[in-house]
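Shown next, in structure tokens, is the structure this report addresses.
Where a number appears in this text, it was derived from the coordinates with a stated rule and is not lab data. This is a predicted model, so every value here is computed, not measured. Note that each Cβ is placed from the backbone with ideal geometry, even for glycine, and that neighbours are counted across all protein chains shown.
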Amino acid sequence: MTEPNLYSGLPHGLYIVATPIGNLGDLSTRALAVLGACGAVACEDTRVTGKLLHHAGLKKRLIRYDDHADEAVRERLLAMAAQEPVALVSDAGTPLISDPGYKLVKEARERGVNVVSVPGPSALIVALTLSGLPTDRFLFGGFLPVKDKARRDVLAELGAVRSTLVFYETSPRLLDALAAIEAALPGREVAVARELTKKFEECRSGSVADLVAHYTAHPPKGEIVLMIGPPGEQASEDLDIDALLRAELETQKPSQAAARLAKSYGLDRKMLYARALDLK
């Protein structure tokens, strides 16, 4: 026999609730209602979520849950979600999107626990809509690696994908990331979005050189969404291919120069290689 639900008629289960990324006014009516009806809220930082709930006029049992939480915490949350509604939130935005929750949701589904997603703010979507870069196809790559080689490897791997590339980044690493983009994907249009939905929201786009100059003079603060335009957006007849090749050949072998420009501009690598040999 199933026990009666004690939480305003909300079925038991795990509720993935998106929360504001800056502006508290973005907390949806549905998210507020779900949070109010849940018996407990799993969160990254109880202080951050506590402030949000206080703003909403709610007082809830908070259970810390992040990527470092042990299996016992996950087991406790799954057991609770099987009996009552439990909310999962991150510090900001949509849980699981470069935030904790994947293992919890996966195990909940495997065990037949009801899983519901309450949509709302997501920094990558807000940034894309502001960027002016193509949005019909995009690839989200999470956070770029911290180490230089790993960062270059990721950019090289994804550079040929004909989509706008989207990454999360921290302000102290922005200049290093921009330098890596210029080295791996020269000539691409890049956009930097920061402080999204807040008072000092900013989205700048242009060449890497322009962005490096600006953020060298004005060191950025806050969380950053870094976006890279897809290859081949510029018509080949508008490109000075010889000039691009000469610049690459100053530091690269003809085969490397051809490969890099082919990846950056969507051009034929064999044609570029043949021309690089002529110029060399």
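Helix 269-279: angle to the longest alpha-carbon principal axis of the chain, degrees 0 to 90, nearest 10? The angle comes out at about 40 degrees. How far, in degrees from 0 to 90, does helix 254-265 lean away from the longest principal axis of the Cα atoms of the chain, to the nearest 10? Approximately 50 degrees, to the nearest 10. Among the GluC sites (Glu not before Pro) found in region 130-239, those both in a DSSP coil and sparsely packed, with 16 or fewer other Cβ atoms within 10 Å of their Cβ, are Glu201, Glu233. Each of Phe167, Val146, Ala193 was placed along the dipole of region 124-228 (beta-carbon charges, centred on the mean Cα), and the one lying farthest toward the positive end is Val146. A simple spin-label model places the labels of Leu279 and Asp136 3.0 nm from each other, with each point 7 Å out along Cα-to-Cβ.
With 22 Å as the limit on Cα-Cα distance, the pairs of Lys147/Lys280; Lys149/Lys263; Lys149/Lys198; Lys198/Lys221 that go past it are Lys147/Lys280; Lys149/Lys198.
Shown is the FRET efficiency for Val73 and Lys51, computed with R0 = 25 Å from the Cβ-Cβ distance and rounded to the nearest 0.05: 0.70. Dipole magnitude for region 60-134: about 200 debye, using +1 per Lys or Arg Cβ and -1 per Asp or Glu Cβ, origin at the Cα centre.
Seen through its C-alpha gyration tensor, with square-root eigenvalues sorted a ≥ b ≥ c, the chain comes out prolate because a/c lies at 1.5 or above while a/b is bigger than b/c. Let me have the 222 nm mean residue ellipticity of the chain computed from DSSP H runs of 4+ only, each contributing -39500 (n - 2.57), with the sum over all residues rounded to the nearest 500. Dividing the helical sum by the residues of the chain leaves -12000 deg cm²/dmol. Think of each Lys and Arg Cβ as +1 and each Asp and Glu Cβ as -1; about the Cα centre, that makes the dipole of the chain roughly 420 debye.
Taking the inverse of the mean reciprocal distance over all distinct Cα pairs, the Kirkwood hydrodynamic radius of region 81-240 comes to 17.3 Å. Translational diffusion of region 35-157 was estimated from the Stokes-Einstein equation, with Rh taken as the Kirkwood radius over Cα pairs; at 10 °C and 1.306 mPa s the coefficient is 96 µm²/s. Pairing the Cα long axis of helix 208-217 with the longest principal axis of the chain, what angle in degrees results, from 0 to 90 and rounded to the nearest 10? For 208-217 against the chain, the angle is about 60 degrees.
Close amide-amide hydrogen proximity is noted between Ala42 and Ile63, Ala87, Leu88, Val89, each under 5 Å apart and 5 or more residues distant or on a separate chain (H modeled in the peptide plane; Pro and chain starts excluded).
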